[in-house]
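What follows draws every value from the coordinates through simple rules; no lab data is involved. All figures in this text were calculated on a predicted structure; none of them were measured in a lab. Note: ideal-geometry Cβ built from the backbone for every residue, glycine included; neighbour counts use all protein chains shown.
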Amino acid sequence: MPAVAAMKLSPDDNVAVALRPLAKGETITLDGVRCEVDRDIAVGHKLAARPIASGATIVKYNCPIGIATQAIAPGAYVHTHNVKSGYLPTYTLPT
């Protein structure tokens, strides 16, 4: 049996974490759905576990970590080129 390629850290996550190096063009299965990896992805980096619409919240470990700046297909690398931070700078919080 081949090693598990990636896993979601929480059932509601829309991203998974690579558990081994993933190669561009490789087909992996996430939640029973086969998807093609769009580029080489290093261990510990994120990929879309399902389609993510532009403007949607990126969820990892059941926590929001950013906002998609474009539509992201399953198997696509999820990083700064297609996600913007959703964190509020502390200086914007009410005192």
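Which FRET efficiency, nearest 0.05, do ALA3 and HIS79 yield, Cβ-Cβ r, R0 22 Å?
Efficiency, rounded to the nearest 0.05: 0.45.
Using 0.36 nm times the number of residues separating CYS63 and VAL43, minus their current alpha carbon distance, what extension gain do you get?
5.2 nm
Using DSSP to define loop residues, name the trypsin sites (Lys or Arg not before Pro) in the range 10-95 whose beta-carbon has at most 14 other beta-carbon atoms within 10 Å.
Here the sparse-neighbourhood loop sites are LYS24, ARG39.
Let me spell out the model: positive unit charges on the Cβ of Lys and Arg, negative unit charges on the Cβ of Asp and Glu, origin at the Cα centre of the range 6-92. What dipole size does that give, in debye rounded to 20?
In debye, rounded to 20, the range 6-92 gives about 100.
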